[in-house]
1. Going through region 174-196 one residue at a time, which ones are part of a loop (DSSP other than H, G, I, E, B) and either among the polar types (S, T, N, Q) or under 18 Å from H283 (Cβ atoms) (or both)?
2. Does T162 meet the test of being of a type in the set (S, T, Y), buried (at least 20 other Cβ atoms within 10 Å of the Cβ), touching a residue at least 60 places away in the same chain (Cβ under 8 Å) and in contact with a Gly (Cβ under 7 Å, 6 or more places away or on another chain)?
3. Using beta carbons and a limit of 8 Å, which pairs, at least six apart or on different chains, have the first residue in region 209-233 and among the polar types (S, T, N, Q) and the second one surrounded by fewer than 16 Cβ atoms within 10 Å (Cβ to Cβ)?
4. Only residues that are aliphatic (A, V, I, L, M), part of a loop (DSSP other than H, G, I, E, B) and touching a residue at least 40 places away in the same chain (Cβ under 8 Å): list them for region 1-22, please.
5. Please go through region 23-44 and pick out each residue that is in a loop (DSSP other than H, G, I, E, B), in contact (Cβ under 8 Å) with a residue 24 or more places away in the chain and not aromatic (F, W, Y).
6. Tell me the residue from L72, L48, L13 that is in contact with a Lys or Arg (Cβ under 9 Å, 6 or more places away or on another chain), among the hydrophobic types (A, V, I, L, M, F, W, C) and farther than 19 Å from K106 by Cα, please.
7. Run down V141, V118 and say which single residue is surrounded by 23 or more Cβ atoms within 10 Å (Cβ to Cβ) and assigned to a strand (DSSP E or B).
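Please treat every number below as a calculation from the coordinates, not as lab data. Note that the structure is predicted; figures quoted are calculated from it, not measured. Here the Cβ is made from the backbone with ideal geometry for all residues, glycine too, and neighbour counts use every protein chain on show.
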Amino acid sequence: MRAWPPIIEPALLERLALDDEQFLAFVREMAAALGRRAYEPALLERALAYPWRRPARSYVLRDGDVELIAELDPAARRRTVGAFAAERHPLLAFGSNAAPSTLTAKFAHFPDEADRTVLVLAGDLHGFDVGASASPTGYGVMPAALFASPQTAVRAAVLWVTATQATLLTWSELSYRLGRLDGAHFAVDDADLGVDELYAYVSRFGAFCVDGAPVALAAVPATGRTAAALTQEELLDAVARLILGPDAHAEHLVRAIFEDMAEVVARAPETVWSSSQPLAPHHWTLFPTNGDTRSVER
């Protein structure tokens, strides 16, 4: 079994190790620290476009430039995929982390070229679907969250990341735990490669539910989908009604997030957070925050 990404920064390990009560205190503290921020319509437009534009096919990102691996000849494609997969860590991306704009923003400052470069393999994740985490973010979206769906194959991507990239991504995923998916299979589009050892971010809030069942992100395609699929606007409308009242809609919620995130978080536990389904423990293994990232046979 592949070793865990070597994440060793003490402050990050401490955050990952927070229990539920400690994490909720952390969320409240972060929300209060945001203070009042100016709202403008462009913020709603950006939120509704989540999870943002990405190629439909696999690509290599180098210093912000996208190279589709399907455009390489077969030998070059095999060499490229083999070189990344040999030394890097396969991290599932099912939301904005698959978008070149997001990855460029997160990796562009690294001094080492290898840490500014990433292979993004598009394909189908079997046995799961992509819904919405049961809490809005500080930038006004209902971000992606995994939930089990045995008959579904959902479009996603595998990022082949360095240790530095894995650490940065984990820092940035504030409301997620890092884990290994158990029994998952990812079929790659543009390479003769199946990935059965996947690391992924699992929402601490769980997947948002409507009428007791998780709902899928309509922006993320899938086959065999059994869950109802909602657009980002429909999700924000639903959460606005829960948090702000029956006449509220997406713009009201995004405005409230920017103008008083602390109040949104104060109302969330009994409304949105309670409408969630955690990813069951048998589907994933939690990252070892004791710093022992060696491979462990199950």
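1. So in region 174-196, the residues part of a loop (DSSP other than H, G, I, E, B) come out as 174-175, 182-184, 189-193, 196.
S175, D182, G183, A184, D196 - these are the residues of region 174-196 that are part of a loop (DSSP other than H, G, I, E, B) and either among the polar types (S, T, N, Q) or under 18 Å from H283 (Cβ atoms) (or both).
2. No; evaluated as a whole, the condition is false for this residue.
3. Final answer for the pair search is T226/Q151; Q232/A49.
4. Correct list: M1, A3, I7, I8, A17.
5. From region 23-44, those in a loop (DSSP other than H, G, I, E, B) are 35-40; that's our starting set.
Still in the list and also in contact (Cβ under 8 Å) with a residue 24 or more places away in the chain: 36-39.
If the condition is that a residue be in a loop (DSSP other than H, G, I, E, B), in contact (Cβ under 8 Å) with a residue 24 or more places away in the chain and not aromatic (F, W, Y), then R36, R37, A38 are the ones that fit.
6. Exactly one residue qualifies, and that residue is L72.
7. Details: V141 fails: assigned to a strand (DSSP E or B).
That would be V118, the only listed residue that is surrounded by 23 or more Cβ atoms within 10 Å (Cβ to Cβ) and assigned to a strand (DSSP E or B).
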